[in-house]
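The values are calculated or read from the model by the stated rules, or taken from the named source; none is laboratory data. Not measured: the values here are computed from a predicted model. Backbone-built Cβ (ideal geometry, glycine too); neighbour counts: all protein chains shown.
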Amino acid sequence: MAERFSGTKDYVAGEDLMMAVNAAIALQRPLLIKGEPGTGKTMLAMEVANALSRPLFQWHIKSTSKAQQGLYEYDAVSRLRDSQLGEESVKDIKNYIMKGPLWESFQSEMPSVVLIDEIDKADIEFPNDLLRELDRMEFFVYETKELVSATHRPLIIITSNNEKDLPDAFLRRCFFHYIQFPNKETMTQIVDVHFPDIKKQLLQQALEVFFELRETPGLKKKPSTSELLDWLKILLAEDISVETLQTSDQRKSIPPLAGALLKNEQDVHLFERLIFLNKRSERS
Amino acid sequence: MVLLDFFYRIRDAGIPVSVKEYLTLIEALQRRVSNENIDNFYYLSRATFVKDEALYDRFDRAFGDYFNGLEALPDDFLKDIPKEWLKKQLELSLSEEEKKDIESLGGWDKLMETFKERLEEQQKRHQGGSKWIGTAGKSPFGAYGYNPEGIRVGQQGSRNRRAVKVWDKREYRDLDDSIELGTRNIKVALKRLRKFAREGAEEELDLDGTIRSTANNAGFLDLKMVPERRNAVKVLLFFDIGGSMDDYVRSCEELFSAARTEFKHLEYFYFHNFIYESVWKDNRRRNNERIPISQILHKYAADYKVIVVGDATMSPYEITYPGGSVEHFNEESGAVWLKRILDVYSKVAWINPTPELRWKYHESISITRELVNDRMFGLTLSGLEKAMKQLAK
């Protein structure tokens with residue numbers, strides 16, 4: 001049995017996530033990860049690379065990204081300029097070929113991890129253009145007429161925010177995992193990993209406030225794990241006591257430093273309005 | 001071959017698995033990615049077969065069905081449940097008042113029949129748990145909400161070591177795209193709308209591409225065009241407000257107000273029950289500031305797409321007869337006005353928040369459907385998707 005991933009000391013992975021990662025490692029197929037923003041999709045690739053001590057190559061996708069850029073780019077503009085300046089380097093086309101993250105990972109001396117982040121940001125054809133490269137782990141450089149093939153097949157982790165549907169042919173080649181929003185137990189574990197010194201009571205109180213806040217109907221952006229961690233960091237830095245959190249019953253007042261949790265003006269307004277209504281109904 | 005049966009069961013459940021994925025699963029098993037533990041097998045087969053979290057719930061059910069089936073449960077298990085037993089279960093959870101309500105609905109026997117039918121339907125078709133739980137206790141089936149689960153739990157407790165299995169928890173129920181929109185789904189629905197908004201964009205000059213290909217061309221100018229990034233879709237939105245729509249207004253409004261920024265032009269209008277000669281933009285001043293439909297037809301060009309959101313649930317007279325409106329005297333019938341709109345705008349979709357199963361019971365819905373040429377879609381994710389596809393055609 002080859003390498004296995006079983007979470008790291010900084011990353012709490014569920015059993016189902018571990019299984020998906022291990023299947024992808026064993027069968028050398030890409031792993032597609034979806035989930036609510038802030039549930040640690042991008043972190044996963046870093047942690048897997050860490051745990052397996054493999055180098056990590058990151059490729060962050062933008063709406064203008066082309067599949068080709070992951071392989072290599074031919075910088076024709078510099079070459080044109082250099083040719084007009086009469087530079088020596090112009091004669092060798094290799095000087096103008098810039099390697100992309102996939103090429104780098106194919107050439108890596110040890111097995112590596114490649115992160116293709118937010119693949120759904122790109123054009124709809126983008127995943128299709130990568131099918132062969134991900135399948136065979138090789139590609140052809142037309143400019144230099146050379147075939148680049150992977151010495152070690154890298155583990156490819158792809159994240160998606162579900163903004164576009166991905167083509168079937170692409171999906172068929174991947175393992176898939178949807179990271180669910182963690183429940184209270186898992187959340188406690190996650191926080192333990194990040195803030196080992198946090199007082200139990202404070203954590204419990206904070207989690208309660210947090211999950212109750214998530215339940216608020218109609219929020220545009222529910223606070224997620226990463227926001228919770230930020231919030232706890234500030235709570236600790238400001239030395240907020242358990243009592244302050246306790247007295248801040250959600251129905252009557254805004255929890256301290258709520259700005260770390262609610263990042264949308266409308267959400268803050270909505271929340272304030274709810275509190276106002278609650279207060280009024282209590283009085284009457 | 002057990003695995004092959006399982007594969008076909010998953011396919012039958014409507015999950016698009018291909019041979020490739022089946023082979024992948026076998027390969028993974030051969031390499032011992034998962035040990036013999038059934039939980040691990042569940043995780044592994046899910047990661048291999050299911051590529052969309054909306055299908056997780058369907059997979060969970062198929063998986064549960066199949067593997068519980070292996071433990072020698074008769075298929076017609078539910079048919080064999082003695083009536084008395086069901087009744088007892090129900091009575092436990094009912095108050096005196098509710099029991100009286102039930103009597104008034106045709107008595108126990110009839111209800112038991114329906115209940116069993118529904119139970120079976122839920123076993124097979126599973127429209128999502130929320131459907132079976134009525135609102136505020138008004139629905140006769142509201143009280144039974146917990147029961148379908150209850151029976152299943154009882155069935156399993158005796159046979160298995162653990163009370164509830166991972167796939168029986170059905171954590172992904174909310175993600176199934178055939179249930180009506182809830183707050184969680186609204187986000188995903190928005191993305192579908194956004195996708196629609198981005199399509200059909202015009203071309204503009206691609207400066208980078210032009211420079212690059214000109215350079216490739218050794219300095220000869222080579223123009224490149226790319227699709228415009230801005231979205232070019234223009235939409236007229238007609239929104240049924242008040243009356244029977246009250247239940248749905250919130251979810252609809254949320255959806256479309258959030259979608260506003262995505263379109264180049266989005267004009268919205270309100271109407272009550274059906275579109276007659278005028279509509280309004282501000283609900284508080286609906287009586288003073290009315291906008292005649294004829295003005296809209298002239299002002300907005302034919303390339304606007306029309307989306308009507310309404311439950312189309314009313315008396316048929318309100319559509320087909322002059323003077324049928326409940327609010328005022330309309331000289332021409334609603335059908336005539338709708339037809340005028342359809343004549344100008346070829347891209348029309350009517351989105352109906354009423355659950356699709358109930359459409360056939362309302363004559364007014366059938367009439368409206370006919371009027372819009374069957375372009376009526378449910379307010380579900382898949383309904384929205386179909387609507388957007390139809391509009392983008």
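The table that follows gives values for the structure above.
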| item | result |
| --- | --- |
| Selection within the range A:165-185 - touching a residue at least 60 places away in the same chain (Cβ under 8 Å) and more than 16 Å from the chain's Cα centre (by Cα) | A:L166, A:L171, A:R173, A:C174, A:F175 |
| Residue that is of a type outside the set (D, E, K, R), at positive phi and within 27 Å of the chain's Cα centre (by Cα), where the choices are B:A312, B:A387 | B:A312 |
| Flag if A:R29 is more than 10 Å from chain B (Cβ to nearest Cβ), of a type in the set (K, R) and in a loop (DSSP other than H, G, I, E, B) | no |
| Residues being within 21 Å of the chain's Cα centre (by Cα) and more than 8 Å from chain B (Cβ to nearest Cβ) - total across the range A:145-164 | 8 |
| Check on A:G7, closer than 26 Å to A:K220 by Cβ and either buried (at least 21 other Cβ atoms within 10 Å of the Cβ) or more than 10 Å from chain B (Cβ to nearest Cβ) (or both) | no |
| Within the range A:167-188, considering residues that are in a loop (DSSP other than H, G, I, E, B) and within 8 Å of another protein chain (Cβ to nearest Cβ), the one nearest to A:V209 (Cα to Cα) | A:Q180 |
| Any strands (runs of 3 or more DSSP E) falling wholly within the range B:285-393 and containing at least 1 residues that are of a type in the set (F, W, Y), touching a strand residue (DSSP E or B) at 6+ places or on another chain (Cβ under 7 Å) and at pLDDT 85 or above | B:348-352, B:376-378 |
| Residue in the range B:45-55 that is at the interface with chain A (Cβ under 9 Å from one of its Cβ atoms), part of a helix (DSSP H, G or I) and at pLDDT below 85 present | yes |
| Matching entry among A:L270, A:L236, A:L229, A:L219 (being buried (at least 16 other Cβ atoms within 10 Å of the Cβ), at pLDDT 80 or above and of a type outside the set (D, E, K, R)) | A:L229 |
| Looking only at the range A:54-100, and only at residues there that are charged (D, E, K, R) and assigned to a loop (DSSP other than H, G, I, E, B), the one that is nearest to A:T144 (Cα to Cα) | A:D92 |
| Residue list for the range A:101-143, filter: in a helix (DSSP H, G or I) and loosely packed, with under 14 Cβ neighbours inside 10 Å | A:R132, A:D135, A:R136 |
| Only one of A:I93, A:I61 that is touching a residue at least 40 places away in the same chain (Cβ under 8 Å), within 14 Å of another protein chain (Cβ to nearest Cβ) and either farther than 23 Å from A:N161 by Cβ or surrounded by 13 or more Cβ atoms within 10 Å (Cβ to Cβ) (or both) | A:I93 |
